[in-house]
Amino acid sequence: AASKSELDTRIRRAKETLGDSVVVLGHFYQRDEVVQYADFVGDSFQLANAAKTRPDARAIVFCGVHFMAETADILAQPSQAVILPNLAAGCSMADMADIDSVEEAWAQLASVYGSEPDAEGRVPIIPVTYMNSSADLKGFCGRNGGIVCTSSNAATVLEWAFERGQRVLFFPDQHLGRNTAKAMGVPVERMPLWNPRKPLGGSTADELTDARVILWNGFCSVHKRFTVAQIERARAAHPDVRVIVHPECPMPVVDAADGAGSTDYIVKAIAAAPAGSTFAIGTEINLVQRLANQYPQHTIFCLDDVICPCSTMYRIHPGYLAWVLESLVDGVVLNQISVPASVAEPARVALERMLAARP
Ligand code: 13P
Ligand code: SF4
């Protein structure tokens, strides 16, 4: 295997040769050995925008997970190739909702609600998919009057949906859906969880009629590890601690924290704090450790003291980055993510609605 310094030389040399013809995007959860080569580092919303800002680049190398590369491909110019350095870098949450189960749920919900709008012209239900989903599901939303959201704009997107619909079907992440809707004043009792293996998702027709948000039964295995007990321990050890968590954490954890927001929200909260602040963070460890190194004037630690990396984000090893960049130097495009037009077109509609819904 190539040594660290050998890989470093190879990646730098390939990037130099390729110049502006390639742009490397990196999600905040990528390891430092990869982040150092990224031209843009950001949360998933920022990276979706970054994919659009470099129409001159021939290739976009996406250091992140599969759904992010799909989104970049949908938003990029047709002539641009989007490359995922390791095709095994997926997202277990995104895999928890598939198009067949969502279509089936939609048909069952239509049997309860019909399709007539109410007196204010709002349709019975609007589908909202979290960015962490396959392109198919974004396409489903585009075809059915729905929209995409990320963790940084979920409240704005839900407002958009409630202006047009009486209810929302939210997938795949139950926690982001519940936390966001709760903060907007939707009672938790009016958010049934949809179980795809049961008729009407396991609810009665009356419960579905009363529902404001129907939550898909998906979750992030990294963020579901955070607990209220960890927050209590952090507060006992550091009375002045500020606890900030990602909204993919379960509701009791978000409720017990001092703040919740996207990865960019977490980065900005720390950047804005006075020297000597203490933070306990509930999100992926690569980001938390980078922030701790970057801000030695603060005390920053992860709520979970057992290391909690996102194992699929971690699959982007610098060796894969070197491999795809050197292939580009040779004129060969490897690991291209290409969303077929029949999916990309409606998915783009749902993504453009999100980009336009920004407050
Ligand atoms: P952000 O949108 O906050 O970057 O989150 C992406 C993600 O995968 C969180 O698990
Ligand atoms: Fe998916 Fe969770 Fe990893 Fe984010 S942290 S990419 S939601 S598995």
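Every read-out reported here was derived from the displayed coordinates using simple, explicitly stated rules and does not represent laboratory data. Since this is a predicted model, take the numbers as computed values, not measurements. Please note: Cβ atoms are built from the backbone with ideal geometry, for glycine as well, and neighbour counts cover all protein chains shown.
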How big is the stretch 157-203 in terms of Cα radius of gyration and Dmax, in angstroms? 11.1, 31
Proximal aspartates and glutamates to LYS198, defined as alpha-carbon separation beneath 18 angstrom and excluding residues fewer than eight positions away on the same chain: ASP98, ASP100, GLU103, GLU104, ASP206, GLU207
How do the peptides 193-200, 67-74, 179-186, 313-320 rank, highest first, by the average count of neighbouring beta carbon atoms within 10 Å per residue? 67-74, 313-320, 179-186, 193-200
Need one word for the stretch 94-219: rounded, prolate or oblate. Basis is the Cα gyration tensor (sqrt eigenvalues a ≥ b ≥ c); a/c below 1.5 gives rounded, then a/b vs b/c decides. rounded
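Mind pulling the per residue volume of the convex hull built on the Cα atoms of the stretch 224-359? Å³ is fine.
174 Å³
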Taking neighbour counts of Cβ atoms within 10 Å as a proxy for exposure, in what order, fewest first, do THR209, THR227, THR129 appear? THR209, THR227, THR129
Quick check on my link table: of LYS4/LYS52; LYS52/LYS138; LYS182/LYS268; LYS15/LYS52, which ones sit more than 27 Å apart, alpha carbon to alpha carbon? LYS4/LYS52
What is the gain in length, in nm to one decimal, between GLU207 and HIS238 on full extension, counting 0.36 nm per residue of separation less the C-alpha to C-alpha distance? 6.8 nm
Expressed in Å to one decimal, the Kirkwood Rh of the chain from all distinct alpha-carbon pairs is 21.2 Å
Cα-based radius of gyration of the stretch 223-302 once divided by 2.2 N^0.38 Å, which approximates compact folds: 0.98
